[in-house]
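Here the structure is laid out as structure tokens; the discussion comes afterwards.
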């Protein structure tokens, strides 16, 4: 069962929720798809790490074979190729690795070469298999890394929690594509509501069952809670805004492994999520 | 001397376009014959790499100078692979900039921005 945890902005508590849900489950997989700044591993401190380098294909030109016909450049929808001063220039970071230019070149002057863009680390932290996608600084897109991870999730390890990148762009779509259920994490502010609305729209478009965890809850009115009631979005649980939890988190500790109170809180949340997922599975079967 | 300028419309009375890569038109102007030609810039509708495609257009028209308020790093890489000089426009009037170039009052565009990749298109 794959559960994606997402939010419209950074800092709402995606990692807090996904790390603690994974840790409180009997056996689980935690997947960090926030490849630009993965931080789940800082909490899990996984052992027995195996790394796999991830590469993409980019065109490589044989200048003596190229006759400057420009068919490659005309074909490329992303304008990754320019022909200047009788020389083909390739813009690696603009290339989407479709391979079309190589196929279309009548002179067979283009071949593909590997370009390493990051890595996937797989390790273990007690009951949790920890998989972390890491994109090299300066690379344009982490989607190939996310594809590599999500195409190959072990299915015998119970829940898989996917810690998504913030926002609602292509990389988030890739992360939630195969998810069975989506959890939104929302802050109790008007800004939080705006961002919640973004991911709500996205997930609705993907027709995924979903619910909200209200994080940083204070006494008084919660605009995110009002929004959920208005839209009829299931509220899965509430996490208080307090110093104790904040301190555990900023010390890179997993609160469910440190404190019974939070163990109970996230156990309840996991039960609620499990019920929801099963309910969805039954109604959709 | 043949020069190029991103412009908002096909007229000498229009304004200089604030974007190089996504400009709808280019003015190709000959400072000797005072002849002007307006080109549609198909790069404006690109999914990405608009600056590269716009720069390719400029290079293909064999101009000697580009007058623009801004230029991204990919476009600059294409243009700098040639002898084309990039000047910074002083205001949004086409004629003022042509006059300033003739009087030697335009400075080179020093600031090349990192581009607006992934922000201009989905």
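The values are calculated or read from the model by the stated rules, or taken from the named source; none is laboratory data. What you see is a predicted model, and the numbers here were worked out from it, not measured in a lab. Cβ: placed from backbone, ideal geometry, glycine included. Neighbour counts: every protein chain shown.
If a residue must be surrounded by 13 or more Cβ atoms within 10 Å (Cβ to Cβ) and more than 14 Å from every other protein chain (Cβ to nearest Cβ), how many such residues does the range B:21-36 contain? Residues meeting the conditions: 10.
For residues in the range B:75-92 being more than 17 Å from residue B:63 (Cα to Cα) and surrounded by fewer than 16 Cβ atoms within 10 Å (Cβ to Cβ), which is farthest from the other protein chains (Cβ to nearest Cβ)?
Here the residue is B:91.
Applying the condition of being within 22 Å of the chain's Cα centre (by Cα) and assigned to a helix (DSSP H, G or I) to the range A:202-229 and asking which residue is surrounded by the most Cβ atoms within 10 Å (Cβ to Cβ) yields A:203. Going through A:101, A:95 one at a time, which residue ends up being crowded, with 23+ Cβ neighbours inside 10 Å and either within 25 Å of the chain's Cα centre (by Cα) or in a strand (DSSP E or B) (or both)? Only one candidate qualifies: A:95.
May I ask you to verify whether residue A:42 is out of contact with any strand residue (DSSP E or B) (no Cβ under 8 Å at 6 or more places or on another chain), farther than 30 Å from residue A:253 by Cβ and surrounded by fewer than 17 Cβ atoms within 10 Å (Cβ to Cβ)?
Considered against the rule, which asks whether it is out of contact with any strand residue (DSSP E or B) (no Cβ under 8 Å at 6 or more places or on another chain), farther than 30 Å from residue A:253 by Cβ and surrounded by fewer than 17 Cβ atoms within 10 Å (Cβ to Cβ), residue A:42 comes out as no.
Per the conditions (1) modelled with pLDDT of 95 or more; (2) surrounded by 20 or more Cβ atoms within 10 Å (Cβ to Cβ), the sole criterion not satisfied by residue A:8 is (1). The set of residues in the range A:77-108 that are more than 7 Å from every other protein chain (Cβ to nearest Cβ) and at positive phi comprises A:86, A:97, A:99, A:108.
On the stretch given as the range B:37-63, residues that are closer than 21 Å to residue B:82 by Cα and either touching a strand residue (DSSP E or B) at 6+ places or on another chain (Cβ under 6 Å) or buried (at least 21 other Cβ atoms within 10 Å of the Cβ) (or both) total 15. Residue-level check: of (1) modelled with pLDDT of 95 or more; (2) out of contact with any strand residue (DSSP E or B) (no Cβ under 8 Å at 6 or more places or on another chain), residue A:225 misses just (2). In the range B:1-86, counting only strands (runs of 3 or more DSSP E) that sit wholly within it, the ones holding 1 or more residues that are within 11 Å of the chain's Cα centre (by Cα) and farther than 15 Å from residue B:113 by Cβ span B:2-7, B:25-30, B:65-68.
Within the range A:55-90, the set of residues being surrounded by 18 or more Cβ atoms within 10 Å (Cβ to Cβ) and in a helix (DSSP H, G or I) comprises A:72, A:73. Looking across A:36, A:52, one residue alone is outside any helix (DSSP H, G or I), under 30 Å from residue A:15 (Cα atoms) and either within 14 Å of chain B (Cβ to nearest Cβ) or without any contact (Cβ under 8 Å) to a residue 24 or more places away in the chain (or both). It is A:36.
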